[in-house]
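Only one structure is covered here, and it is reproduced in the block below.
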Amino acid sequence: MTQSLIVGLWLVLAAVAANLPWLTERWWFVIARPDRRAKPFWLRLIEWGLLYGLIIGIGLGLEYKATGAMHERDWEFYTVTLCLFAVSALPGFIYRYQLRRLLEQAGRTCTQRTE
């Protein structure tokens, strides 16, 4: 595989990982809650942070495999990548907390009109 293809796949993986906590109700993506309640916001944030760390780790591993060395990074790198990860999570966040509610309200008003 070429290096640009690997980077492209890593970016797609990062965008998918950024949205996962907002799109699933399972804890840690495996454990279903027995009471079928929604996952709390703080747990979604913890999962999101862990996925950020996983994506950074995968990226560092890919860099080492491709170049054979690790380049020095300061705090600015991690700040910028965290902000990009947050921007990538925006579609899932909007779907979870705004769009779903609007769609449910629209569904209720459509059923009320037909009755």
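The values are calculated or read from the model by the stated rules, or taken from the named source; none is laboratory data. Everything numeric here is computed off the predicted structure, so don't read it as measured data. Cβ atoms come from the backbone with ideal geometry, glycine included; neighbour counts cover every protein chain shown.
Below are the figures for this structure:
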quantity	calculated
Scan of the stretch 86-95 for residues that are in a helix (DSSP H, G or I), within 11 Å of the chain's Cα centre (by Cα) and either surrounded by 15 or more Cβ atoms within 10 Å (Cβ to Cβ) or of a type in the set (F, W, Y) (or both), ordered by number	S88, P91, G92, F93
Selection count, the stretch 33-50, where residues are within 18 Å of N19 (Cα to Cα) and either among the aromatic types (F, W, Y) or not in a helix (DSSP H, G or I) (or both)	6
Residue in the stretch 70-85 that is part of a helix (DSSP H, G or I), over 23 Å from P21 (Cα atoms) and touching a residue at least 40 places away in the same chain (Cβ under 8 Å) present	no
Scope the stretch 66-95; condition at pLDDT below 90 and among the polar types (S, T, N, Q); matching residues	T67
